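Participant: One structure coming up, written as structure tokens, with questions to follow.
The values are calculated or read from the model by the stated rules, or taken from the named source; none is laboratory data. Because the structure is predicted, anything quoted here is derived from the model rather than measured. Counting neighbours? That spans all protein chains shown, and the Cβs are built from the backbone with ideal geometry, glycine included. The protein model used for the area step is the full one, side chains on, heavy atoms only, and it has no ligands, DNA or RNA in it. Shrake-Rupley method; radii C 1.70, N 1.55, O 1.52, S 1.80 Å.
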Amino acid sequence: FDNDPSAEAYMAVTDEGDSLKIYPAKQGDEFVGVAVESNTKKGFGGEIKVIVGFDQAGKLLNYSVLQHAETPGLGAKMQDWFRMDKNKQSVLGRSIPDGGLKVTKDDKENGVDAITAATISSRAFLDAINRAYRAYAGADGVTGATDNTAE
């Protein structure tokens, strides 16, 4: 296990015991954040794979859906839906709260607006985002969690 931010890429383990790949991002020699590959098997159509970018403080900068089998016109909208600056749709620029991001139906105060008629897909997408964050936070101590390297 290598959690050195200067490394090319490393594996981090989520609290569920899954290994996710983390790619450190640098600007010149300065560490500025990471991209994390993540997935969930909870989608309406099965597995959803994403890559998520976080800054040093753990704020979500960007994401891309790498693979999904969600319903066209419904859950398949996730690539664009969660970037729209409309109501509480966008996840961009958000810090991940304790307990992770949730749809508004599950967290009225801080939730993210689900894709219309695709709550299962929306929950699965946010689960993949939350898993990415937990892997990153656990690997580098973003949230104050300890990593597993000892000096």
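Participant: List pairs: first in segment 85-102 and over 15 Å from F125 (Cα atoms) and outside any loop (DSSP other than H, G, I, E, B), second open to solvent by less than 50 Å² (accessible area, probe 1.4 Å) and not hydrophobic (A, V, I, L, M, F, W, C), Cβ under 7 Å, 6+ apart or cross-chain?
Facilitator: Within 7 Å, the pairs are S95/G58.
Participant: So, one more: Out of G33, G46, report the one residue that is without any contact (Cβ under 8 Å) to a residue 40 or more places away in the chain, at positive phi and surrounded by fewer than 16 Cβ atoms within 10 Å (Cβ to Cβ). So that I can check it myself, show each step before the final result.
Facilitator: Working: G33 fails: surrounded by fewer than 16 Cβ atoms within 10 Å (Cβ to Cβ).
Only one candidate qualifies: G46.
Participant: Taking L92, is it over 19 Å from E70 (Cα atoms), open to solvent by 40 Å² or more (accessible area, probe 1.4 Å) and modelled with pLDDT of 95 or more? Reasoning before the result, please.
Facilitator: Working: over 19 Å from E70 (Cα atoms): yes; open to solvent by 40 Å² or more (accessible area, probe 1.4 Å): yes; modelled with pLDDT of 95 or more: yes.
In short, yes.
Participant: Then there is this: Can you work out which of the residues in segment 52-84 that are acidic (D, E) and closer than 27 Å to P24 by Cα is nearest to the chain's Cα centre (by Cα)? Before you say what the answer is, go through the steps one by one.
Facilitator: Taking segment 52-84 and keeping what is acidic (D, E), we get 55, 70, 80.
Those still in the list that are closer than 27 Å to P24 by Cα too: 55, 80.
On the way: D55: 12, D80: 15 Å.
It comes out as D55.
Participant: Return the pair list, or none, for Cβ contacts closer than 8 Å from residues in segment 110-123 that are in contact (Cβ under 8 Å) with a residue 40 or more places away in the chain to residues that are open to solvent by 90 Å² or more (accessible area, probe 1.4 Å) and outside any helix (DSSP H, G or I), at least 6 apart or on different chains.
Facilitator: Note: pairs meeting the criteria are A118/F44; I120/K42; I120/F44; S121/F44; R123/K42.
Participant: Moving to a separate point now. For segment 49-58, which residues satisfy the criterion of being in contact with a strand residue (DSSP E or B) (Cβ under 7 Å, 6 or more places away or on another chain) and open to solvent by 60 Å² or more (accessible area, probe 1.4 Å)? Explain how you work it out, then say what you get.
Facilitator: Keep residues of segment 49-58 that are in contact with a strand residue (DSSP E or B) (Cβ under 7 Å, 6 or more places away or on another chain), which gives 49-56, 58.
Residues satisfying the conditions are K49, Q56.
Participant: Say whether the condition of being open to solvent by less than 70 Å² (accessible area, probe 1.4 Å), under 24 Å from T119 (Cβ atoms), among the polar types (S, T, N, Q) and at pLDDT 95 or above is met by at least one residue in segment 59-70.
Facilitator: Checked segment 59-70: at least one residue is open to solvent by less than 70 Å² (accessible area, probe 1.4 Å), under 24 Å from T119 (Cβ atoms), among the polar types (S, T, N, Q) and at pLDDT 95 or above.
Participant: Can you tell me which of (1) assigned to a helix (DSSP H, G or I); (2) aliphatic (A, V, I, L, M); (3) modelled with pLDDT of 95 or more is the one A137 doesn't meet?
Facilitator: A137 satisfies all of (1) assigned to a helix (DSSP H, G or I); (2) aliphatic (A, V, I, L, M); (3) modelled with pLDDT of 95 or more except (3).
Participant: Checking A9 against (1) free of Cβ contacts under 8 Å to residues at least 24 places away in the same chain; (2) surrounded by 14 or more Cβ atoms within 10 Å (Cβ to Cβ); (3) of a type outside the set (S, T, Y), which single condition isn't satisfied?
Facilitator: The number of the failed condition is (2).
Participant: Just one of A76, A25 is farther than 18 Å from A128 by Cβ and of a type in the set (A, V, I, L, M); which is it? Before the answer, list the steps.
Facilitator: Working: A76 fails: farther than 18 Å from A128 by Cβ.
Unique residue meeting the criteria: A25.
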